Every structure is written in structure tokens, then in C-alpha cells.
């Protein structure tokens, strides 16, 4: 496709784009997977494809076209509602008109969700240096869908609404993986997947011109999308399928908990434009961002890392802090549930869910098995905040209580032994209870004994300097 020379999108040019799309679609038997984020670029790409394929005969439309949208489970509620309604319309319209499209949402597995890792395991709020969320929440779910489709069909074409004008880095990557003599490029990580980018030469103005000139074929009102962008003053978070996909940047709508950016200007703008019920979300997000301050790290994060050891900086001056302390995790869970309660009361959806029952149960399991939370804090916090209870999973293994932990603390203090270490050893024994072949028990015990069990005060008093 030739590079567009002007801002005008004439019929001749759009016909050329449609011809190219049909040429690529009919060129092989590979099914298509279209990434749809709900934003302007992916909407433009999908509309162009929808109209182009609708002109083919039913026999020619033999290849399935899967539309996938990433649901990180922490998307801004307004965006979630927009995407959900769009996917429903796509599926209904495709069914009525016998078109090969089917829309799907892809989600992270339970163990990879944001809250299971942040509140459960204590991963710190994501930053540009430690962006642990992108792969778990976006790349892995999308790639899992792609790989399953590859397994069924052998090869696939992934269609992305990305443009060279987005950044020089994106333009470089797109050129690097291009296949000579083909309109396709190679996927950066998946060997049996190819990439097609039908709007690679569009500018931002071209995209908006197209969306305002051409109505949505599945029944959306594109002016609603314009309003959403205007109210958020934002760019979009693209569907992320590899680490080369550009990040959301400093102005975007996407995950409402995102702390990679300095300020969430999109949510601030939505609130300024009348969505005041979202203010508790912004306050929670800002509270998370505040934990990245070097002056508060020692208060909210442990010196011990998740492997049980303490790591000093390469300079020898200070520590590399580990996960959030348990008190901080309990605080985050409590405030999150209070936030959920507020937006249910004041927002448009009385059943809005910020953290699912399954995530709460997984957080509970991690705290019980890995953090020796003998008081079983999750159900207790949930009851205190909501005044309700969930159908919690009963523990089949003999469990210790908060009273027994107090007794253990008292005994260990008398003998100068770390009660945390003894509690973890007891939990190792508990998890292996009634197993006939207790393989690896000595290795598990040795691993526990090898952890750093001195108090933070003792570590700091050992002569090493703390982080400023």
C-alpha cells in the first residue's frame, strides 16, 4: 500500500485498501486473529477489514476471523462497558449477515491476575523498571489464544491496528520483521504466526477522518468513541502481543491501576467531565503510586525478597527491597474493598467488581500457605468492610489459629528463635500431611532454614546502609 500523501481519504484510496485486504485474506488458508482494544486504531483496522470481506461471496469467506480483546480485569470501567457492548454487537451482526467474524475476550489465568500478584504475593506497584504486569495481563493471554489457534490450523495471521507514525521504534520493528515480497511480516516471538498491519501508513488524522466519515458496520456510533477520547484526553492502549508493542505512554485509557505513568491524566479528565464516581479509583491508584517513593519504601516493603534472602545494591549502599509487607497488603485489600463499595454505591453499576471472589480466595491461599497468615485475614477483612461473607473454601488440612500463633510467638521469644521461621516449618509439615511419599521434604525444610530470619532491625544494625 502506498504511503498516504494528503489528509484526504478519497474513495480511490479506500478502494485500494479494501483490495489489499481481500488479496491478503484470499492469499492463503491461514485464519486471521484481529487485535481489538476498543481504541481508534484497532477500530479503524477492523472496520476496513469488515467492509472489505463483506464484499466477498459466501464461498470466498471460508476462513474464520477471530476478534480478540484483552481484558486485564483492571480496565477502566467506562472502557470495559464500551468494549463489551461492541463485542456483543459484532457477534450478533456477524451471525445475522453470515460473516466469518467471531469476537472473544482473553483474560489472564487466575494465578497471573493483578490483585493475586500485587496483594497476594506483594509485588510492588508496576514501574518502568519493573513492569511485571504487561506479560501476565496482556501478552500471555493473547499469545495463548494465538497458540491454540495455531494448534488447530497450523499457522495464523495476526492483524494489528498499529501505525508507523506512532513512533520511530514501532516503524523500525515493523520494517525489521517484514517479509520481502509479501504484505505480511513475521511475528517477533511466535514461529507459526504472521502479522498483517493494514493501517501501517495512516496518520492520526487519517484515522479520525475515516471513523467520522464511515459508520461502524456492527452498529456502534463512532462519535461515542470520539467522546470517550475527548473526555479522557487520551490515546489508546493497543492489544499487546509481544514486548515490542508500544506501551500506553503518558496519555491513555487502559488499566485504572497503572502506576507506570506519573499521572493518570485520562481518569482525571473523565472525572473532570462528570464521572465523579470514579474518584475513589483515582485515589486508590494514587495511593499505589505513592508506595514507589524511595522515602516510604522501607515502611511498606520488606527487606526480604520472595526467595527469602536479602539483596544489597551492587554499589553496596542500601538494599533492593522485596514485596510489600503483610500489613501493607492487608491495608491494600481493605482499601480496595472500600473503593469497590463506594463505586457500587455511587457509580452506574451496583454490582461493579474490582476484585473477584476467585481472586480473593487465591489471595487467601497464598497468605495462608506462604505468609503464615494463621488468623485467616482475607475473610475477616471482607466481613469487616462489606458486612457480608462469601462461601469460602474449607481447608481440608489441619489449620492453625491466631491464638496458636500468639502461643508460638511467646515460646519462640523465650528461646530466641524466629517465630516466622518455625511457623513456616510447621506449614511445610502441614502441607505434606498424610502424603504417603513425601518427596522433597528435606529440601523444603533446608530451603526454609536457609532464608534470612533476622529481624529488619538486626539486618540494619549489621553495618549495611539502608536505602535513602
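The values are calculated or read from the model by the stated rules, or taken from the named source; none is laboratory data. Since the model is a prediction, treat every value here as computed from it, not as a measurement. Virtual Cβ from ideal backbone geometry, glycine too; neighbours counted across all protein chains shown.
Evaluate the range 50-69: report whether one residue or more is within 26 Å of residue 131 (Cβ to Cβ), touching a helix residue (DSSP H, G or I) at 6+ places or on another chain (Cβ under 6 Å), in contact (Cβ under 8 Å) with a residue 40 or more places away in the chain and assigned to a loop (DSSP other than H, G, I, E, B). Show your work before the answer.
Filtering the range 50-69 for residues within 26 Å of residue 131 (Cβ to Cβ) gives 68-69.
If we keep only those that are touching a helix residue (DSSP H, G or I) at 6+ places or on another chain (Cβ under 6 Å) too, we end up with 68-69.
Filter once more, keeping what is in contact (Cβ under 8 Å) with a residue 40 or more places away in the chain: 68-69.
Now restrict to residues that are assigned to a loop (DSSP other than H, G, I, E, B): none.
No, because not a single residue in the range 50-69 is within 26 Å of residue 131 (Cβ to Cβ), touching a helix residue (DSSP H, G or I) at 6+ places or on another chain (Cβ under 6 Å), in contact (Cβ under 8 Å) with a residue 40 or more places away in the chain and assigned to a loop (DSSP other than H, G, I, E, B).
The number of residues in the range 366-380 being free of Cβ contacts under 8 Å to residues at least 60 places away in the same chain and in a helix (DSSP H, G or I) comes to 5.
Only one entry in 41, 15 is in a helix (DSSP H, G or I), under 17 Å from residue 215 (Cα atoms) and within 21 Å of the chain's Cα centre (by Cα), namely 41. One residue stands out in the range 119-154 among those that are part of a helix (DSSP H, G or I) and touching a helix residue (DSSP H, G or I) at 6+ places or on another chain (Cβ under 7 Å): the one that is nearest to residue 333 (Cα to Cα), namely 119.
Quick one: is residue 112 closer than 27 Å to residue 87 by Cβ, surrounded by fewer than 15 Cβ atoms within 10 Å (Cβ to Cβ), out of contact with any strand residue (DSSP E or B) (no Cβ under 8 Å at 6 or more places or on another chain) and modelled with pLDDT of 85 or more? Here the answer is no, as residue 112 does not meet what is asked. Within the range 381-396, the residues that satisfy the criterion of being free of Cβ contacts under 8 Å to residues at least 40 places away in the same chain and surrounded by 14 or more Cβ atoms within 10 Å (Cβ to Cβ) are 390, 392.
Can you say whether residue 93 is part of a loop (DSSP other than H, G, I, E, B), farther than 15 Å from residue 254 by Cα, out of contact with any helix residue (DSSP H, G or I) (no Cβ under 7 Å at 6 or more places or on another chain) and modelled with pLDDT of 95 or more, as far as the supplied structure shows? Let's see the steps before the verdict.
On the way: part of a loop (DSSP other than H, G, I, E, B): no; farther than 15 Å from residue 254 by Cα: yes; out of contact with any helix residue (DSSP H, G or I) (no Cβ under 7 Å at 6 or more places or on another chain): yes; modelled with pLDDT of 95 or more: yes.
For residue 93, the condition - part of a loop (DSSP other than H, G, I, E, B), farther than 15 Å from residue 254 by Cα, out of contact with any helix residue (DSSP H, G or I) (no Cβ under 7 Å at 6 or more places or on another chain) and modelled with pLDDT of 95 or more - is not met.
Of all residues in the range 20-36, those satisfying the criterion of being assigned to a loop (DSSP other than H, G, I, E, B) and touching a strand residue (DSSP E or B) at 6+ places or on another chain (Cβ under 6 Å) are 30, 31, 36.
Wholly within the range 261-322, which helices (runs of 4 or more DSSP H) include no fewer than the required count, namely at least 3 residues that are surrounded by fewer than 16 Cβ atoms within 10 Å (Cβ to Cβ), in contact with a helix residue (DSSP H, G or I) (Cβ under 7 Å, 6 or more places away or on another chain) and free of Cβ contacts under 8 Å to residues at least 24 places away in the same chain? Let's see the steps before the verdict.
Numbers: elements: 265-272, 279-290, 297-300.
So the answer is none; nothing clears 3.
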